[in-house]
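Student: One structure, pasted below without further comment.
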Amino acid sequence: EPASFSPAAANCAPRGSVLMTERPAGKVFETGGINPRFANAVTAVRGKLTLKANQYREMLDRGEGGSLPFDRVVECNIGNPQALGQQPVTFVRQVLSCMEYPELVDMPAAAKIFPRDVLARARTLLEKIPGGLGAYSESQGALYVRQAVARFIEARDGYPSDPADIYLTDGASEAVKLALQVCIRGPDDAILVPIPQYPLYSGSINLFEGSLVGYYLSEETGWSLDVAEVRKAIRGARAEGKTPRALCIINPGNPTGNTLSLANQRDIVALCKEERVVLMADEVYQANLYVLDKPFTSFKKVAQDMGYTADDLELFSFHSVSKGFLGECGRRGGYVECWGIAPEAKQAMYRMIALGLCANVVGQVTTELMVNPPKEGEPSYPLYAKERDELLASLHRRATLFHNAFNEMEGVTCNPAEGALYLFPKITLPRKALQAAADQGVAPDAFYAEALLDNTGICIVPGSGFKQVEGTYHLRVAFLPREEDIAAVVGKMTDFHNKFMRDYR
C-alpha cells in the first residue's frame, strides 16, 4: 500500500529529536550517528572472535602467518558444515546444476551424467517455477514449492497443512525475524526466550524494540525445560507491566544440543494455550538426532494429538536447508508455517516479504529438494540414503569424541549432544584467569576463547554470548570438523586447556 506524502509532515522532526533548521556540519553518519538499536543487535557467533579469525585466515592466505602458532583456522563457532569440508548431497547439487543451466537437461549427454529422476525433477521445477532461478517468484514463495512443503508436513505429522499458511524465506532466520516483527508492537511487548539462547533472538528483539524475558534451562538435568520456570517468567513479566506475546522454543536446542521430551512438549503447548501466548517453534535441527528413544515430534503434531485445533493455539514453526544433513547454509532457504495465526498478522508478513519482492529462488528450490527427496525405488535413492545415513552417523561420532574429551579436561563438565550440531560445556576457571579477564574488561569465557583462538587457530563462541546463569561460564563448540580432523582438533584443544590451567593456577 503506497504511503501518503504530506509536505507538512515532511518538515516535522521525529518524536523526541531536536528540530534541525540548518544543514549538518559534516557527513550524515559522522555527525548524526546511526540508529542506536543497531548497537545491541549483535550475534556472538559472528562477533569479535570471528572477525579476528578472519584476520588470521587472511594473513595465512597472504603467506604472512609465519609468526602464528598454527597453520590454519578451524571454524567451530558456527553451524556451517560445508565450510569445514562436509560434502554436498549429490542429488541436491545435480538438480541445482540442471536448474542453473536448463539447456543441459535436454542435451543427449545429460542422460549419461545424471540419473533420470534428477532430469525429471529439474524439468518439473523449471515448468512449475516460471522463469526458473533467474526470475522473481510470488512474494510468499513459489506455489509449487509451498505445496511440496505442505505435503512434507502432512507426511511427517499426519495432519493437513495448507500451502497458503507457508511462507518461503531466505533461511529460517528471516522467518524468525518476520514472526518477531508481527508479535512486537512496542517496548512493553515481551518475548520469552530460553537461556542459554541463540543471539538471533536477543538481537532481533532489541532491533524491533521489544523486551526479552529469559527462562532458564536446567543444565543439571540435561538442559531440560521446566514449565514452572516458564510460567514464573510469564507472570513476572506481567507483574512488571509487560505483555508476554510469544514463547520461543528451540528443539533440538541451540546452543545446548538438548532435545525435549514429548511430555515436556505437551506441557509447553498447554501452557501457551492457557496463558494465551504465541508459540514460536524453531525446529531447524529436526533431522539432527542422536538418541534413539527421543525422536523428533513437531509442536504442531503435539498440539493436534492433544486435540487442539488452530482455534486453540497460535503457532509459528520454522525449518531450514542449512542444518540437518544438507548443510546448504549459503543457499539461504527456509520456511515458516503459520498455524492458527490471525489473517492480519499473515498479511503483515506478506507485505514485509513483498518489500524485498521474494526469497531467493535457489533457496526455494533447495527447500523443495529437502522436503521432497528421492523415494525408495528411484535411481537416486540408494546414494541419497547412503550419504544421509553416513553423515548423521559421523556427526554422532564427532559429538561423542568432543563430549568425552571435554569431560576429561580439568574443570570442565559437558552434557552429551542429543541433537543439533553443538556442545555447550561448562568451564570453571582459576581465580587468576578470572582476574586477568576482569583486568581486560571481558567475560572470563570470552578471555579463554580468545586465548584458544590466538594459540591454536580454533574459533569457538564464549557462553556469555548466549546468556547464562550468573557466575557460570560456558563454551559453544560446533562439532563439524571433518571426522579425519577431529582427533587433531581435540588434541590441540586439550593441550591448550592443560597449559592454560597451569599458567593461571
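Student: Within the stretch 215-239, can you find the residues that are out of contact with any Asp or Glu (no Cβ under 9 Å at 6 or more places or on another chain) and farther than 18 Å from residue 269 by Cα?
Tutor: Matches in the stretch 215-239: 219, 220, 221, 236, 237, 238, 239.
Student: Kindly list, by first and then second residue, each pair from a residue in the stretch 328-347 that is part of a strand (DSSP E or B) to a residue that is open to solvent by 20 Å² or more (accessible area, probe 1.4 Å), limited to pairs with Cβ atoms under 6 Å and residues at least 6 apart or on different chains.
Tutor: Short answer, once both residue conditions are applied: 337/165; 338/165; 338/346; 339/310.
Student: State which residue is most open to solvent (accessible area, probe 1.4 Å) when the search covers only the stretch 371-391 and only residues that are free of Cβ contacts under 8 Å to residues at least 24 places away in the same chain and among the small types (Gly, Ala, Ser).
Tutor: Looking at the filtered set, the residue picked out is 377.
Student: Exactly one of (1) open to solvent by 10 Å² or more (accessible area, probe 1.4 Å); (2) part of a loop (DSSP other than H, G, I, E, B); (3) under 24 Å from residue 480 (Cβ atoms) is unmet by residue 197. Its number?
Tutor: (1)
Student: Can you name the condition, by its number, that residue 205 falls short on among (1) in contact (Cβ under 8 Å) with a residue 60 or more places away in the chain; (2) in a helix (DSSP H, G or I)?
Tutor: (1)
Student: Then there's this: Within the stretch 60-136, considering only helices (runs of 4 or more DSSP H) that don't extend past its boundaries, which have at least 1 residues that are in contact (Cβ under 8 Å) with a residue 24 or more places away in the chain and open to solvent by less than 50 Å² (accessible area, probe 1.4 Å)?
Tutor: Answer list for the stretch 60-136: 90-100, 116-128.
Student: Taking the stated definitions as given, is residue 276 charged (D, E, K, R), under 23 Å from residue 319 (Cα atoms) and out of contact with any Leu (no Cβ under 7 Å at 6 or more places or on another chain)?
Tutor: no
Student: Looking only at the stretch 269-297, count how many residues are under 22 Å from residue 308 (Cα atoms) and over 21 Å from the mean Cα position of the chain (by Cα).
Tutor: Of the residues in that region, 9 qualify.
Student: Scan the stretch 210-258 for residues that are of a type in the set (Gly, Ala, Ser) and assigned to a strand (DSSP E or B) and jot them down.
Tutor: Once the filter is applied, which keeps residues that are of a type in the set (Gly, Ala, Ser) and assigned to a strand (DSSP E or B), the stretch 210-258 yields 211, 214, 218, 224, 246.
Student: Quick one: residue 45 ticks every box in (1) among the β-branched types (Val, Ile, Thr); (2) modelled with pLDDT of 85 or more; (3) in contact with a Gly (Cβ under 9 Å, 6 or more places away or on another chain) bar one, so which box is it?
Tutor: (2)
The values are calculated or read from the model by the stated rules, or taken from the named source; none is laboratory data. Keep in mind the model is a prediction, meaning the values are calculated, not measured. Cβ: placed from backbone, ideal geometry, glycine included. Neighbour counts: every protein chain shown. Quick note on the areas: whole protein, heavy atoms, side chains included, nothing else; ligands and nucleic acids left out. Shrake-Rupley method; radii C 1.70, N 1.55, O 1.52, S 1.80 Å.
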